């Protein structure tokens, strides 16, 4: 069963010696069953992908990121492996490559944390070194304090 969560994302992107970061907090849905965590959320203008739904399936040995909407792609992160994926946008399609260095993740029924470290390439040229950090926590109703 999916439950309401708060998802905090930090994306660090490095080109040469410079590194940019993007922090994003949003509501989403989360489930955890038999060692597999699933979460989904809507992108906003902050990420530049407004109109796109992002879904992550976090397995013990890999992470699958599906995007559907304005941007469409399926990225499969497996530590120590290189993979390619189609990246469809309103202005065109590109075949990109990823070299996943590491995945660190810890999830349970209440949420958890993950970090993926990877290199992104296009036509065999490195575009950037990336770290993608995700924190998922249960949404709780605001506390109501009794008048004293």
If we keep only residues of the stretch 111-148 that are modelled with pLDDT of 95 or more and over 22 Å from residue 84 (Cα atoms), then the residue nearest to the chain's Cα centre (by Cα) is 134
Can residue 31 be described as at negative phi, assigned to a strand (DSSP E or B) and more than 14 Å from the chain's Cα centre (by Cα)? yes
Complete set of residues in the stretch 61-70 that are more than 14 Å from the chain's Cα centre (by Cα) and surrounded by 15 or more Cβ atoms within 10 Å (Cβ to Cβ): 70
With 92, 48, 111 as the choices, which residue is at positive phi and surrounded by 14 or more Cβ atoms within 10 Å (Cβ to Cβ)? 111
Note: among 12, 42, 29, 22, just one is surrounded by 12 or more Cβ atoms within 10 Å (Cβ to Cβ) and either touching a helix residue (DSSP H, G or I) at 6+ places or on another chain (Cβ under 9 Å) or in contact (Cβ under 8 Å) with a residue 40 or more places away in the chain (or both), namely 12
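The values are calculated or read from the model by the stated rules, or taken from the named source; none is laboratory data. Nothing here was measured: the structure is a model prediction, and the numbers come from that model. Cβ atoms come from the backbone with ideal geometry, glycine included; neighbour counts cover every protein chain shown.
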